[in-house]
Structures are given as C-alpha cells and as structure tokens.
Number of protein chains: 2
Amino acid sequence: MPTISAEDYLKHILKLQEGEERVSTSALATSLSLADASVTEMLKKLAARGLVRYQPYQGVTLTEKGRGIAVRTLRRHRLWELFLVRHLGYSWDQIHEEAERLEHVTSEALETALDRALGSPQFDPHGDPIPSAEGRVHGGASSALAALRPGAVAKIRRVADVDPELLRHADRLGIVPEASLEVRERLDFDGSLRVRVAGGDRFLSAEVARHIFVELVEERSG
Amino acid sequence: MPTISAEDYLKHILKLQEGEERVSTSALATSLSLADASVTEMLKKLAARGLVRYQPYQGVTLTEKGRGIAVRTLRRHRLWELFLVRHLGYSWDQIHEEAERLEHVTSEALETALDRALGSPQFDPHGDPIPSAEGRVHGGASSALAALRPGAVAKIRRVADVDPELLRHADRLGIVPEASLEVRERLDFDGSLRVRVAGGDRFLSAEVARHIFVELVEERSG
DNA sequence: AGGTATTTTTAGGCAGGGCTAAAAACAATG
DNA sequence: CATTGTTTTTAGCCCTGCCTAAAAATACCT
Ligand SMILES: [Mn+2]
Ligand SMILES: [Mn+2]
Ligand SMILES: [Mn+2]
Ligand SMILES: [Mn+2]
C-alpha cells in the first residue's frame, strides 16, 4: 500500500510530467512545498519501490506502476470533489482541501460507491477530467481564454483549481464549465478582456483569463 | 491538531473508561493491538500535550480536552457509518473499517455537512449513539439479550460492532435496531436462546446474544 | 577552456510511532 | 515477610518523512 506521501508525490509528478519528458527535483519540491533535499531522499525510496525511474541529476518519470497509483489517486480526488458539491452542499471553492485528504483513505469499494452515486461522471466541478476506473485519462484539448481574440465564441471547459479566491471570482462572473462566452474586447496593453457571458458583459484580467480554459466554437472576426 | 494515532488512542481510552475509573496500559495496548511499551511511550506524549492524566503504574484517564477530541472522533466515525449506509449503499458489516479512516480526515465543515445530510441523526447503523456536536453522548441504558429470560419481550437497541460476521449473521436473523423480539426458550446448559423476531423463530448462541443489546418492554413469565 | 552560477545530492539531525528484551515495580501467596 | 508471578516501564533500535547546511555536479558565459 502506498503511503499518503507517496501518493501525493506521484500525483504531483504526473501533473508536472504533462508536456515535459522528465520532472526535475526542484520543480517537484516547489510543487509539493518541500525542501529539495527531502525530495531527493524520497525519490530514491520511490525508485526502490519501483514507482518511479530516477537517475541522480536527471530528474524522474513515473513507471507504469507509479502512474497507476497517481491516476487512481487523481480519480479519487476528483470523484470526492464532485461528490462534495452534488451530495453535501459544498461550493467548488471549498472542495480541494477536503479532497486532498479524502483521496488517501478511499478504498476501492468506496471509490466504486462514489462513482455509482455520481453516475460515472466524466468531469469534476472545475471541469477537470475524472480518470476512468481502468486508468484512462480523457484528456480534452482546450485553450486558455487569454489567447482568444475579439469575436471568438467559445464554450468554457474548465477553470484551474489553483486558488479558492479565483474560483469564487469566476463563479460570480458566471464563468463555470459548460457556459458559453464571446470575447468582445481585448486591451492590448495589459491583455485584459471584456466578454459576454450569461447575458452580461464582464471584465477579466489577463491573469484570470489565463486560468480559464475553453473550446473554440466560432471565430467571428469582430 | 491531533494526529491519527492520538485520536485513536483517545477514542479507545474513552471506550475502556466506561464503568472503570482508570484505564491500564495493558488494556489499552490490547485494545489498540500494540505492544505495551509503545503505549507507555505514547501516554507520556499525550500527557505532555494535556490530553490525558497519566501516572506511571497507575493507568490513564482523559482530561476534558482529551475527552473532547475522543468524543468528536467518535461522532465523526458514527456519522460516516450512517452516511455510508444511507447514501452510498453500504451494508452495516462493511462500514467500520472505512469509518475508522474517514474519521481522521473530517473537517468541522465536513462533519456539519454529513450531519445535515443525515438530519442530525441520533444513532448509527449499529444502534450506537452519535454524540452531539457539543460533545454530549446520549447514553441509552440497555441490557444484553443474553440476560433475558423466557417470556421477556424487548426492543432491540443495538448490535455490538465487533465483527462483520456477527453483523451479517444478525442481519440474516432479522436482528437489527428497532426490531421487536420475544424470548421463547433458553437452554440452560449453554445459554443459547430461541427467540421470535420478525414473525419467525430463530436460534441464537449465548455468544451471539451477549452482543445484542435490548430494552425490556414486558416480562411475561412464560 | 575556465570560472562563476545554479541545481542537486550528501551529511547530520529531529519528531512521530512502533518493536523486542531486560529491568523495575507492584501484587499475591505460603 | 520473603519469594514468585504479573504488570509496567526503560533501554536500545528501526523506519518514515521532513529540515538545514555543506559539498558536489551540471550549466552557463565570457
Ligand atoms: Mn493529498
Ligand atoms: Mn478539481
Ligand atoms: Mn481510526
Ligand atoms: Mn458503529
């Protein structure tokens, strides 16, 4: 059985691995808010357990076994997030911390029960894909709202779960997965946007727009 | 914040404390399935944190602070047990182990959400009282079914959650909290009983009857 | 290439929890 | 009351994870 620490390490490696080929010790340490030296130590242990491939000074990658645990942990995290919203009255800005702990005490039976209660959902409340029980991750291609130009019509796919405040802000603006949106104006000097969403015009800073991911529907040149 | 270990120690001390005035190191060690020496060490640490009163060779008792944590942990355990049955399709013999882990990762917000989803329940699926949010434990006086004599009519209050197999067995016999029962016959040589419950006659070993607790309704002399 | 910067690893510690074996304290008994 | 038996504590270790400071590799730049 993997420990709580091991599950968190593997989950973070999985995320950092997206795109990049190898994950550096320091990137992982930053991501986990731990000292570099602590991460070096742990990587040696994870490698000994066959969960990662680790070469001193060369960073790490997940083995199949390690990826399996990482994906399963991510699945549990996202199932819990959705369950908290749907069945326990939570809002999407309060769920991350809870799921961060619940994911580590979820048996296969409980995972199955959550999945059934939710009707085998595909996405969590932030629009992040929930891996299947077999470990397949339904990676939907989406682009950052910050990259769209005026006239673009898009469907919101997900809002990055990086900070509760961002989520509350997005929510107040009507920016939630599945909503439709049109970019009305873009201020070149700071990259901020005016968008039409839920029947009203809203202003977004570039920083906020960078954390919202959409699927382009139509690129009307405004 | 108390650790998982500390919460389990305090919970076990709370249970062992019922009736007895002080809890011995060895009783606690047995209850926790740990070596006596490990428990001695831990008791010194819990005492240092002000959670128990501990005098070498004299056993332990909970301080108010320690009792608070123990009762809160017990409340979370029992709320989870009921939640798993009511909302996630679990049966009462599968919930203890899950709750044993979930109880330690339950924030006050989550505890409140569970309580609300369940309508501030008084009892868990085994009939054990769920402490109130303020820490009051609704101790219902009940007696062991094993002690009843033929002719006694009683209402089942709880079934001890000591072993999944006992729970499955009781369930098949229709022995669940709130059910009514009448003792028909008692074999003196081994203490086993024949009882009428849910419209049928059932036989129970003395050992099983010792784990079923009832409230006497009427003592018809048979 | 040579020297400076930046990573990364090693060394040495610490806290939390656990174990076994040996010593010490308490209890019981003739 | 002295001896035997039962608890309980102490001593000495182990493992997991984390930290800081120092050393060693790797990268970068002139
Ligand atoms: Mn986590
Ligand atoms: Mn999420
Ligand atoms: Mn527990
Ligand atoms: Mn119970």
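Laboratory data are not the source of any read-out in this text; all were calculated from the coordinates shown. Computed from a predicted structure; not experimentally measured. All Cβ positions, glycine included, derive from the backbone under ideal geometry; neighbour counts span all protein chains shown.
If you take the residues in the range A:203-222 that are of a type in the set (D, E, K, R) and in a loop (DSSP other than H, G, I, E, B), which one is nearest to A:I175 (Cα to Cα)? Talk me through it step by step, then tell me what you get.
If we filter the range A:203-222 for residues that are of a type in the set (D, E, K, R), which is where we start, we get A:207, A:210, A:215, A:218-220.
Narrowing the set further to residues that are in a loop (DSSP other than H, G, I, E, B) leaves A:210, A:220.
On the way: A:R210: 13, A:R220: 21 Å.
Looking at residues that are of a type in the set (D, E, K, R) and in a loop (DSSP other than H, G, I, E, B), I get A:R210.
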Let me spell it out: the conditions are (1) over 17 Å from B:V137 (Cα atoms); (2) within 14 Å of chain A (Cβ to nearest Cβ), and B:R76 meets all of them except one. Which number is the exception? (1)
Determine if the range A:132-140 includes at least one residue that is without any contact (Cβ under 8 Å) to a residue 60 or more places away in the chain, within 30 Å of B:A117 (Cα to Cα) and more than 16 Å from DNA strand D (Cβ to nearest atom). yes
Is it true that some residue in the range A:81-92 is more than 21 Å from B:E97 (Cβ to Cβ), touching a residue at least 60 places away in the same chain (Cβ under 8 Å) and within 12 Å of another protein chain (Cβ to nearest Cβ)? yes
Somewhere in the range B:39-62, is a residue assigned to a helix (DSSP H, G or I), of a type in the set (A, V, I, L, M, F, W, C), more than 16 Å from the chain's Cα centre (by Cα) and within 14 Å of chain A (Cβ to nearest Cβ)? no
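Please tell me if B:S24 is more than 16 Å from ligand 3 (Cβ to nearest atom), away from every other protein chain (no Cβ under 14 Å) and among the small types (G, A, S).
Working: more than 16 Å from ligand 3 (Cβ to nearest atom): yes; away from every other protein chain (no Cβ under 14 Å): yes; among the small types (G, A, S): yes.
The answer is yes for B:S24.
If you go through the range B:63-73 one residue at a time, how many are under 28 Å from B:V176 (Cα atoms) and in a loop (DSSP other than H, G, I, E, B)?
So the first thing to find is which residues in the range B:63-73 are under 28 Å from B:V176 (Cα atoms), and the list is B:70-73.
Pick out the ones that are also in a loop (DSSP other than H, G, I, E, B) and you get none.
Final tally of qualifying residues: 0.
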Failed criterion for B:L167 (all others in (1) buried (at least 20 other Cβ atoms within 10 Å of the Cβ); (2) more than 23 Å from the chain's Cα centre (by Cα) hold): (2)
The residue from B:Y57, B:Y9 that alone is over 24 Å from B:R75 (Cβ atoms) and either within 16 Å of ligand 1 (Cβ to nearest atom) or out of contact with any Gly (no Cβ under 7 Å at 6 or more places or on another chain) (or both) is B:Y57
State all residues of the range B:11-21 that are without any contact (Cβ under 8 Å) to a residue 40 or more places away in the chain and either touching a strand residue (DSSP E or B) at 6+ places or on another chain (Cβ under 6 Å) or within 16 Å of ligand 3 (Cβ to nearest atom) (or both); if no residue qualifies, say none. B:H12, B:K15, B:L16
Residues in the range A:74-97 that are assigned to a helix (DSSP H, G or I) and surrounded by 22 or more Cβ atoms within 10 Å (Cβ to Cβ): how many? 12
Considering only the range B:45-70, state which residues are of a type outside the set (A, V, I, L, M, F, W, C), within 16 Å of DNA strand D (Cβ to nearest atom) and surrounded by fewer than 13 Cβ atoms within 10 Å (Cβ to Cβ). B:Q55, B:P56, B:Y57, B:Q58
Filter the range A:148-183 down to the residues that are within 14 Å of A:F203 (Cα to Cα), without any contact (Cβ under 8 Å) to a residue 40 or more places away in the chain, of a type outside the set (A, V, I, L, M, F, W, C) and not in a loop (DSSP other than H, G, I, E, B) and list them by number. A:H169, A:R172, A:E182
